[in-house]
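Before any comments, here is the structure.
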């Protein structure tokens, strides 16, 4: 690990940390609807899975999973990596995500992914992620994203009505 | 079959579009996709806010459908890459999206899309992407 590697988060190490992060994932209704699962943690790296389900197909002729599912999965896992990199984990919001689709996912197979928060600042975290079936060497898609860290209470203020 | 019916049929054939609950409306050659609010689309139940991935998926669906209309094709183009900018949290209300085909080349098309909720002038997200129109 280099000096500028992201600090380890309060999620700690080992089984308990994984269980806590899994709970966090299940807390998201859309994550539950897709069946997104976190499988492994290591520092600011996180691994996950989204199961193959007929209702997530984007191309009925080939049975390939919709691009939107990959987008959501990579966004979710990348956000998780950002949270794991934080000294005092709070919620994060995606600023932007750029996704390159190298090929369609293989029909009938679960999609796996790995996300790594490679830089975290006071306000912003930067994350790279890759989706694949067997190995990151044969990717389905790559993602690069930036997240705003909820370090101020202002987060989500646009959800409240304008003050009169 | 009217263009509106053809479009509805094409979308109804996509299981993922049904999973999200997306509906389509066509005025002339301009398409609006409508994503009615549903609890299973929420990403953050505390705020609550729609999952960003869902908004991204809606704009991508809008882009490939608008592209099929613009290129008078029944086949959906393949996504090469997309960039999604999140501008505001998605509230637990209906979301709309429209796409503009910037350019269709021989193989690649460039498309921009925007998603909004109550006010068209207050977009919640923007997308730009490249799509493979022929192989």
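Using C-alpha pairs under 8 Å with a sequence gap of at least 6, the mean separation divided by the residue count of chain B gives a relative contact order of 22 percent.
Based on Cα contacts under 8 Å between residues 6+ apart, region B:70-135 shows a relative contact order of 40 percent. Using only the C-alpha atoms, the convex hull of region A:14-153 corresponds to 105 Å³ per residue. For region A:22-91, the relative contact order comes to 24 percent (Cα pairs under 8 Å, sequence separation of at least 6).
Each label was represented as a point 7 Å from its Cα along the Cα-to-Cβ direction; for residue B:46 and residue A:23 these points are 1.4 nm apart.
The calculated Kirkwood hydrodynamic radius for region B:3-132 is 14.7 Å, given to one decimal from all distinct C-alpha pairs. Each label point was placed 7 Å from the Cα along the Cα-to-Cβ direction; for residue B:29 and residue B:80 their separation is 2.2 nm. Across peptide A:96-109, the mean count of Cβ atoms from other chains lying within 10 Å of each residue's own Cβ comes to 4. Neighbour counts of C-beta atoms inside 10 Å place B:80, B:69 in the sequence B:80, B:69, starting with the fewest. When each of B:60, A:61 is scored by the number of other beta-carbon atoms lying within 10 Å, the sequence from fewest to most is A:61, B:60.
Angle, helix B:52-70 long axis vs. longest principal axis of chain B, Cα atoms, 0 to 90°, nearest 10? Around 20 degrees separate the two axes.
I want to make sure I understand the PRE zone here: with the label point 7 angstrom from the Cα of residue B:100 toward its beta carbon, which residues in region B:48-66 have backbone N atoms less than 19 Å away? Those under the cut-off are B:59-66. For chain B, the longest principal axis of the alpha carbon atoms and the long axis of helix B:3-12 meet at an angle near 60°. Annotation for residue A:55 and residue B:13: the two label points, set 7 Å from Cα along the Cα-Cβ direction, are 2.2 nm apart. Counting beta carbons within 10 Å around each of B:91, A:40, B:72 and listing the fewest first gives the order B:72, A:40, B:91.
Computing FRET efficiency as 1/(1 + (r/R0)^6) for residue B:37 and residue B:108, where r is the C-beta to C-beta distance and R0 is 30 Å, gives about 0.30. The mean number of Cβ atoms from other chains found within 10 Å of a Cβ in peptide A:76-82 is 1, as a whole number. Rg and Dmax of the protein assembly as shown, both derived from C-alpha coordinates alone, stand at 18.7, 64 Å.
Values in this text are rule-based calculations from the coordinates and carry no lab data. Since this is a predicted model, take the numbers as computed values, not measurements. Backbone-built Cβ (ideal geometry, glycine too); neighbour counts: all protein chains shown.
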